[in-house]
There are 2 protein chains.
Amino acid sequence: MSLIVQKFGGSSVGDAEGIKRVAKRIVESRKRGDDVVVVVSAMGDTTDELLDLAHQVVPSLPTGGRELDMLLTAGERISMALLAMSIKAQGAEAVSFTGSQAGMLTDDRHGAARIVSVTPGRVRDALDKGQIAIVQGFAGFNKVTGDITTLGRGGSDTSAVALAAALRADVCEIYTDVDGVFSADPRVIPRARRIPRVTSEEMLELAAGGAKVLHIRSVEYARRHGVTLHVRSSFTNDEGTIVYDPERAGSQMEEPMIVGVAHDLSEAKVTVVGTPDVPGTAARIFTIVAETGANIDMIVQNVSEAATGRTDISFTLPKEEAGGVLDALESHREAVGFEQLHYDDQIGKLALVGAGMRTNAGVSARLFKALSDADINIEMISTSEIRISVVTRADQLIDAVRVVHSAFELDADEEAVVHAGTGR
Amino acid sequence: MSLIVQKFGGSSVGDAEGIKRVAKRIVESRKRGDDVVVVVSAMGDTTDELLDLAHQVVPSLPTGGRELDMLLTAGERISMALLAMSIKAQGAEAVSFTGSQAGMLTDDRHGAARIVSVTPGRVRDALDKGQIAIVQGFAGFNKVTGDITTLGRGGSDTSAVALAAALRADVCEIYTDVDGVFSADPRVIPRARRIPRVTSEEMLELAAGGAKVLHIRSVEYARRHGVTLHVRSSFTNDEGTIVYDPERAGSQMEEPMIVGVAHDLSEAKVTVVGTPDVPGTAARIFTIVAETGANIDMIVQNVSEAATGRTDISFTLPKEEAGGVLDALESHREAVGFEQLHYDDQIGKLALVGAGMRTNAGVSARLFKALSDADINIEMISTSEIRISVVTRADQLIDAVRVVHSAFELDADEEAVVHAGTGR
């Protein structure tokens, strides 16, 4: 008998029919004899509808905040209660738990709370009684203030992984609207191939590179706590993708050189032009940037022009964080001593990922040649041991993904089936 | 400085505009220097929409239950969070509390929980900090199971009254969509008159007689704990109605003879025909009825027919409880020894209420004459010290209310203004 944590996203429980379908699936898992803990997101667009209501009431609503967490957690409360009801109506025992009841203890950063400990005593009691435990995704509880918190983006996935870790579950199944992790986004590369197994390290790079199927935070948590993830579609019975830690799994399997190509159109590039080429300049710039809370991705510094003693520093970051960063830099122009700021939101990022890169020479050469053959200009390059990222013009990005996907022989024989929508 | 509890029903917070309007009102109260605790219902039709969703998922959904309470409390959670946000946006400090956080402790009867104690420590702390405390109406918490409960019908009013009692508030203001308590329902008697002051005893009789403005349970709770209620419209600044305890208030004021006429079309009449006229028959019948959980209202037993030694017993009860009662009686036909069961759902009930009845003879004669002059037949009569109730044909009830209202000179000079909708 195994202990399985199953997480269902908002698109899986979009309406009453979705709830019943998911409940049926859960009951089938239970009937196979496993202990089942379920983490559920808010139904379909509920979170957006609640946010919209909040903006109607307070047009200039600040993000985060105690009352916003109180509001948004109503969404998961509705879906978890309905799911428990549906499971009971289908003949199994179920009981729903709020984040607080499930012992999901966090700090007090409303809207982006960090898990400090997970004490799922009531969940375990429910399992001991043969019940299916349904846990509110996204929601936490701060013991000091006694207040409800939310985990922010990727929250429900993180709830599921944290529960799986605390309960020492055999696997954490993440049900979504795609059939697993693909070698590229099947919505833009129809011949993308499902990846049967991927290491958590590779998955982290894919998520950081823009793959939407798993949020980077939950993958990180899973890797740190040795939780095996199983990404599956809630609409099919396909095998999905296992995300595992090769060391813990004791795997002797030779890893494929490349697992996939991620892409991302959500970033912009900021260039700080004409900065003094002296020690401490980069530190000054990125201290100012860090104070805005922005998440910097790639950083590139040009070769200094000896004649002027000046250089340019470029970095990429999420578009919605650019305004604050530009304002902050502008207000420190004299202290930093730069000449100009350039802002470019027409960029795209491609990330080629594979643990086999470590032992295979020539991957970058093959990548650059494929792009060059397609007349696609590379504007920035950044690498890790198992990833190469390049920045291109936004309107060339999908072409870039296509030619790279082919160049590394990732194309499948058949086109993937894509379902609509994405969960949180 | 006073401490005021204000309760706003669902119709007062039907949409974002309603929330903002109510928030403005609350902020104005706070600015007058009073400490303010607010209890709020779910927005508009939210509760019905959640129930509808539950029925889509489980068509044969049982009433009550842990998961249904989890589901329904999402409604009040949404409205209280939005209200707190709106108050803060309008420049005052506010913090929302769930039933559990506000110390609303109940037994574990899901869907119809009884309050066992109220320990509003966090509410008091918020007031001490100068904050407005927003409390989730309808919701409670059972300490033994650690589960969320709901108070059932009239729940939010009861939440408000219980908090007012625990906090020793100076007054509990119940904001609704009418301008107070009227001498008759202004929707059917346009010349109904607002009652400026009514004793809690009279209010109990009016509520029991079918007046919808306050739920009988909250009036009972207020009377037992000496809470003064103030029923007001959230749409106007009219004076509304004070519901008070004359003994506690030390009032020397002469009470008016009649305060109003309530009516009720929600009941049906059951007649047990040909029961043995021997001691114990009524006890047997009403023991069977009580076991179904039905709420019996009026009971009338005919004079026995000496020739047969048999008599008829009639009683009224809410229509939706009649099916279970008829089934229960039918299955005990032999044990009770009755001949037939009659069921009549075409009845109406009128209740004339006034504390002055105690010291005024001739009230019943005047009532019966008014009905007789209008050719309205009386089918049942029941009285208390301060109330006379009669049952008529359903289609004659509104006429009956009209002629009685006039006969006791309750008609106002002008027609009342009626707003749409009713809160919970």
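Quick check: anything in segment A:67-79 closer than 17 Å to A:VAL40 by Cβ and outside any helix (DSSP H, G or I)?
Within segment A:67-79, none of the residues are closer than 17 Å to A:VAL40 by Cβ and outside any helix (DSSP H, G or I).
In segment B:261-277, how many are open to solvent by less than 10 Å² (accessible area, probe 1.4 Å) and more than 22 Å from B:ASN295 (Cβ to Cβ)?
Qualifying residue count, segment B:261-277: 1.
For segment B:312-343, name all the residues that are under 25 Å from B:ALA394 (Cα atoms) and more than 24 Å from the chain's Cα centre (by Cα).
Those that are under 25 Å from B:ALA394 (Cα atoms) and more than 24 Å from the chain's Cα centre (by Cα): B:ASP312, B:ILE313, B:SER314, B:LEU326, B:ASP327, B:LEU329, B:GLN340, B:LEU341, B:HIS342, B:TYR343.
Kindly indicate which of B:ARG402, B:ARG393 is farther than 19 Å from B:GLU267 by Cα, open to solvent by 50 Å² or more (accessible area, probe 1.4 Å) and modelled with pLDDT of 95 or more.
Selected residue: B:ARG402, the only one of B:ARG402, B:ARG393 that is farther than 19 Å from B:GLU267 by Cα, open to solvent by 50 Å² or more (accessible area, probe 1.4 Å) and modelled with pLDDT of 95 or more.
Looking at B:LEU167, B:LEU105, B:LEU163, B:LEU127, can you tell me which residue is of a type in the set (A, V, I, L, M, F, W, C) and farther than 16 Å from B:ILE4 by Cα?
It is B:LEU105.
For segment B:162-185, which residues satisfy the criterion of being under 15 Å from the mean Cα position of the chain (by Cα) and either on the phi > 0 side of the Ramachandran plot or polar (S, T, N, Q) (or both)?
B:THR176, B:GLY180
So which residues in segment B:308-325 are touching a residue at least 40 places away in the same chain (Cβ under 8 Å) and surrounded by fewer than 16 Cβ atoms within 10 Å (Cβ to Cβ), if there are any at all?
As a first pass, look at segment B:308-325 and keep what is touching a residue at least 40 places away in the same chain (Cβ under 8 Å): B:312-319, B:322, B:325.
Scanning segment B:308-325 gives B:PRO318, B:LYS319.
Could you give every pair whose Cβ atoms fall below 9 Å, whose first residue belongs to segment A:130-143 and is touching a residue at least 24 places away in the same chain (Cβ under 8 Å) and at positive phi, and whose second residue is in a loop (DSSP other than H, G, I, E, B) and surrounded by fewer than 24 Cβ atoms within 10 Å (Cβ to Cβ), counting only separations of at least 6 or pairs across chains?
Close Cβ pairs satisfying both conditions: A:GLY130/A:ALA92; A:GLY130/A:GLU93; A:PHE138/A:GLY152; A:PHE138/A:ARG424.
Return the residues of segment A:4-18 that are over 24 Å from the mean Cα position of the chain (by Cα) and in contact (Cβ under 8 Å) with a residue 40 or more places away in the chain; say none if nothing qualifies.
Correct list: A:ALA16 only.
So A:LEU105 ticks every box in (1) at pLDDT 95 or above; (2) within 12 Å of chain B (Cβ to nearest Cβ) but one. Which box is left unticked?
Every listed condition holds for A:LEU105 apart from (2).
Given A:LEU53, A:LEU68, A:LEU82, A:LEU61, which one is at pLDDT below 95, farther than 21 Å from A:THR119 by Cβ and facing chain B (nearest Cβ under 8 Å)? So that I can check it myself, show each step before the final result.
Numbers: A:LEU53 fails: at pLDDT below 95; A:LEU68 fails: at pLDDT below 95; A:LEU82 fails: at pLDDT below 95.
Within the list A:LEU53, A:LEU68, A:LEU82, A:LEU61, the selection yields A:LEU61.
Sort out which residues of segment A:24-44 are within 12 Å of A:ILE132 (Cβ to Cβ) and polar (S, T, N, Q), and write them in order of number.
Of everything in segment A:24-44, just one residue is within 12 Å of A:ILE132 (Cβ to Cβ) and polar (S, T, N, Q), namely A:SER29.
Is it true that A:ASP179 is open to solvent by 30 Å² or more (accessible area, probe 1.4 Å), part of a loop (DSSP other than H, G, I, E, B) and in contact (Cβ under 8 Å) with a residue 24 or more places away in the chain?
Spelling it out, it is not the case that A:ASP179 is open to solvent by 30 Å² or more (accessible area, probe 1.4 Å), part of a loop (DSSP other than H, G, I, E, B) and in contact (Cβ under 8 Å) with a residue 24 or more places away in the chain.
Please return the ranges of strands (runs of 3 or more DSSP E) entirely within segment A:222-303 where 2 or more residues are modelled with pLDDT of 90 or more.
Values: elements: A:229-233, A:241-244, A:260-264, A:267-276, A:299-301.
In segment A:222-303, the matching strands (runs of 3 or more DSSP E) lie at A:229-233, A:241-244, A:260-264, A:267-276.
Considering only segment B:293-307, I want to know if a residue exists there that is touching a Phe, Trp or Tyr at 6+ places or on another chain (Cβ under 6 Å) and either closer than 27 Å to B:LEU367 by Cα or buried (at least 19 other Cβ atoms within 10 Å of the Cβ) (or both).
Within segment B:293-307, the subset touching a Phe, Trp or Tyr at 6+ places or on another chain (Cβ under 6 Å) is B:296, B:299.
Those still in the list that are either closer than 27 Å to B:LEU367 by Cα or buried (at least 19 other Cβ atoms within 10 Å of the Cβ) (or both) too: B:296, B:299.
Yes, some residue in segment B:293-307 is touching a Phe, Trp or Tyr at 6+ places or on another chain (Cβ under 6 Å) and either closer than 27 Å to B:LEU367 by Cα or buried (at least 19 other Cβ atoms within 10 Å of the Cβ) (or both).
Checking B:GLY64 against (1) in a loop (DSSP other than H, G, I, E, B); (2) crowded, with 24+ Cβ neighbours inside 10 Å; (3) out of contact with any strand residue (DSSP E or B) (no Cβ under 8 Å at 6 or more places or on another chain), which test does it fail?
Evaluating B:GLY64 over (1) in a loop (DSSP other than H, G, I, E, B); (2) crowded, with 24+ Cβ neighbours inside 10 Å; (3) out of contact with any strand residue (DSSP E or B) (no Cβ under 8 Å at 6 or more places or on another chain) leaves (2) as the failure.
The values are calculated or read from the model by the stated rules, or taken from the named source; none is laboratory data. Because the structure is predicted, anything quoted here is derived from the model rather than measured. Every residue, glycine as well, gets a Cβ built from its backbone with ideal geometry; the counts of neighbours run over all protein chains shown. Surface accessibility is based on the protein's heavy atoms, side chains included, excluding ligands, DNA and RNA. Shrake-Rupley method; radii C 1.70, N 1.55, O 1.52, S 1.80 Å.
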